[in-house]
Structures are given as structure tokens and as C-alpha cells.
Amino acid sequence: MKLYSKLAACLFSVAIISCGDGKKEKKEEKFQYEQEQTSTKTSGAEESQNNVVITANDMMKFSKNEIKVKAGEKVTITLKHVGKLDKKVMGHNLVILKADADLVDFATAATSAVNNEYIPEGTDAVIAHTKLIGGGESDTITFDAPAAGTYTFLCSFPGHFAAMQGKFIVE
């Protein structure tokens with residue numbers, strides 16, 4: 001009977017030790033995300049209303065969900081991928097759609113546009129887009145802001161648009 005008690009106590013101890021609550025891993029993930037966000041802050045000299053820097057990370061998040069610009073002026077947007085994963089695994093781009101474009105239709109069509117970095121060929125739904133980038137890369141685009149209104153921007157990498165989208169507001 002003593003043997004069974006010792007065996008049960010040993011198994012119970014192993015179960016408790018192996019179950020851990022994952023707090024250490026969660027803290028490390030949160031720290032890494034905070035480091036990515038902190039390292040991508042820009043000074044006022046780098047960013048103005050029509051000169052925007054936005055980051056994307058390995059957690060499928062843009063650093064902004066709203067971009068405001070002035071109508072009819074030149075707009076420069078820099079997309080920085082602050083994660084570490086390759087663009088084949090966790091690629092990001094920034095696509096600004098025209099006001100009448102259907103987000104779901106565009107995103108669905110984009111999934112089959114692998115050879116064109118997930119921008120459907122022949123589409124007239126796009127105002128501007130960056131190239132597809134991976135961890136540590138960046139891309140900058142410059143274009144004329146469209147007429148005043150609210151437009152949608154998104155990442156068109158398959159499955160990303162649900163979490164990675166925002167409003168492009170032209171005043």
C-alpha cells in the first residue's frame with residue numbers, strides 16, 4: 001500500500017509541474033510585441049499627415065487602423081514588417097481599395113493571385129498598394145490622394161484581411 005501511495009504522490013507531482021499556467025510564455029510574447037511596437041515609433045519629423053509610417057508584425061496586426069490624409073495631395077505610405085517571418089509564411093502588404101470595391105470579393109480573388117503578390121490582375125478596385133514584404137523588410141508608395149471620403153485598406157495575404165484592415169480617410 002505504501003508503494004501505491006508513493007507512486008500516486010509522484011504522478012501527482014509530475015502532473016502539477018507539467019501543467020504550468022503558461023504565464024512565462026505569455027509574458028515573453030507580450031514583451032516581444034511591446035518591443036516591436038516601441039521600436040517602430042516614429043518622430044514627428046518622419047511622419048506628417050500625408051507621410052505615413054505603418055507597421056505590420058508576425059501577429060497579423062497593423063500598428064494603425066486609421067490613416068487620415070488631405071484630398072488631392074501627394075501621399076507617401078511606408079509599410080514596415082517588424083516581425084521575423086518570411087513573406088512566404090507571414091507576408092504583408094497594404095492595399096487601399098476604391099470606395100465602391102467589395103472587401104470580401106477582393107480578398108477572395110486575391111487568394112488565387114499568388115504570382116502577383118496577392119493583387120488580382122486586371123482589377124480596378126485598387127487605388128494603391130505596396131509590394132508583399134517579409135520580416136525586416138519595408139516598402140514605400142507615393143500616390144495622389146483620391147477625393148474626400150472613407151476607403152478601406154487591408155493586407156491581401158490569404159486569411160489576413162479579417163484582422164488586418166482599417167480606414168483610409170481622405171479629408
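Every number here is computed from the coordinates shown, using simple stated rules; none is lab data. Everything numeric in this text was worked out from a predicted model, so none of it was measured. Neighbour counts run over all protein chains shown; Cβ positions are idealised from the backbone, glycine included.
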Inter-part distance where the stretch 131-145 and the stretch 72-117 are each reduced to a Cα centre, Å: 9
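If I stretch the segment between residue 102 and residue 163 completely, what's the gain in nm (0.36 nm per residue apart, minus their alpha carbon distance), one decimal?
Details: separation 61, 0.36 × 61 = 21.96 nm, distance 1.63 nm.
Roughly 20.3 nm would be gained on extension.
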Label-point gap, in nm, between residue 88 and residue 70 - each point 7 angstrom along Cα→Cβ: 4.5
FRET E, pair residue 131, residue 171, Förster distance 25 Å, beta-carbon r, rounded to 0.05: 0.35
Sequence-distant residues sharing a close amide H with residue 127 (under 5 Å, placed H): 96, 97, 98
Long-range HN-HN contacts of residue 64 with modeled amide H, under 5 Å: 55
Whether the stretch 44-170 is rounded, prolate or oblate, judged on the alpha carbon gyration tensor where a/c under 1.5 counts as rounded: oblate
Estimated vicinal HN-Hα couplings, Hz - the stretch 80-95 in sequence order (Karplus 6.51, -1.76, 1.60; Gly, Pro = x): 10, 8, 8, x, 10, 6, 5, 5, 6, 9, 9, x, 9, 9, 10, 10
